[in-house]
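Values quoted throughout were computed directly from the atomic coordinates according to the rules given, and no laboratory measurement underlies them. These numbers come from a predicted model, not from an experiment. Here Cβ is always computed from backbone atoms with ideal geometry, including for glycine, and neighbour counts include all displayed protein chains.
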């Protein structure tokens, strides 16, 4: 039997996870085997995410402190749910969930919330197609580096062209 104090501790712990997370997803894991759930948890760990199975009533109580999140996902807390909290790169967590949903047919993405905005299954799948934070940083650095690289190539071309002209002149037969 769960006492009132244990429930309050659980609500507080869930509330702290909501506060720390950049995004939260609600997934339906009904029909999954224990090995599959364990596998999903292991896959979420490198993405700085965690899956927590909680009672819907306790999650709803925890959401009371976060009105934007409550409005976005509160109504979806029905049935057998697990909450996936994304603490790091949200796209990495979304990619992991979308890939797992393709592999395990009984696993279902229900909804999610990011920056107070509700994410339905299609938005989560779209989010999973976006490049990750590291890839975006690399692309941005490439954009910053392109003008300097082009300038160096242009400046290097002048002496190279002069050297080719001298070489061509030296290779001409003397008349």
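Under a point spin-label approximation (7 Å from Cα along Cα-to-Cβ), what is the residue 30-residue 68 distance to one decimal in nm?
3.2
For region 1-21 and region 30-69, compute the distance between their C-alpha centroids and round to whole Å.
Answer, in whole Å: 13.
Compute the distance from the alpha-carbon center of region 96-110 to that of region 160-175, in whole Å.
Between the Cα centres of region 96-110 and region 160-175 lies a distance of 67 Å.
Using the Cα gyration tensor of region 15-100, with a ≥ b ≥ c the square roots of its eigenvalues, what is the shape: rounded (a/c below 1.5), prolate (a/b larger than b/c) or oblate (neither)? Walk me through the numbers on the way to the answer.
Numbers: a/c = 2.06, a/b = 1.29, b/c = 1.59.
Because a/c hits 1.5 or more and a/b fails to exceed b/c, region 15-100 counts as oblate.
Need the full-extension length gain, residue 164 to residue 103, defined as separation in residues times 0.36 nm minus the C-alpha distance. One decimal, nm.
On the way: separation 61, 0.36 × 61 = 21.96 nm, distance 5.93 nm.
Between residue 164 and residue 103, full extension yields 16.0 nm more.
By its C-alpha gyration tensor, with a ≥ b ≥ c as the square roots of the eigenvalues, how is the chain shaped: rounded for a/c under 1.5, else prolate for a/b larger than b/c, else oblate?
Numbers: a/c = 4.37, a/b = 3.19, b/c = 1.37.
Verdict is prolate for the chain.
Using Cα springs under 10 Å in a Gaussian network model of the chain, which residue among 130, 83, 109 shows the largest mean-square fluctuation?
Among 130, 83, 109, the largest mean-square fluctuation in the Gaussian network model of the chain belongs to 130.
Kindly state, to the nearest 0.05, the FRET efficiency for residue 144 paired with residue 55, given R0 = 45 Å and r defined as their beta-carbon distance.
Numbers: r = 49 Å, r/R0 = 1.09.
So the FRET efficiency works out to roughly 0.35.
Which residue fluctuates most in the GNM of the chain (Cα springs below 10 Å): 150, 71, 52?
Among 150, 71, 52, the largest GNM mean-square fluctuation belongs to 150.
Provide the FRET efficiency to the nearest 0.05 for the residue 2-residue 126 pair, computing r from the beta carbons and using R0 = 30 Å. Can you show the working numbers first?
Working: r = 38 Å, r/R0 = 1.28.
The value I calculate is 0.20.
Let me make sure I get this right: for region 1-48, a, b and c are the square roots of the gyration tensor eigenvalues over alpha carbons, sorted descending. Under 1.5 in a/c it's rounded, otherwise prolate if a/b > b/c, else oblate. Which is it?
Details: a/c = 2.47, a/b = 1.36, b/c = 1.82.
Oblate.
Could you compute the FRET efficiency for residue 156 and residue 45, with r as their C-beta to C-beta distance and R0 at 41 Å, rounded to 0.05? Display every interim value, and only then the final one.
Details: r = 47 Å, r/R0 = 1.16.
So the FRET efficiency works out to roughly 0.30.
Pulled fully out, how much extra length does the chain show between residue 37 and residue 134, if you take 0.36 nm times their separation in residues and subtract their Cα-Cα distance? Walk me through the numbers on the way to the answer.
Values: separation 97, 0.36 × 97 = 34.92 nm, distance 2.76 nm.
Length difference between fully extended and current span is 32.2 nm.
Tell me the mean residue ellipticity at 222 nm calculated for the chain from its helices only (DSSP H runs of n ≥ 4, each -39500 (n - 2.57), averaged over every residue, nearest 500). Display every interim value, and only then the final one.
Working: 7 runs with 105 residues, N = 175.
Per the formula, -19500 deg cm²/dmol.
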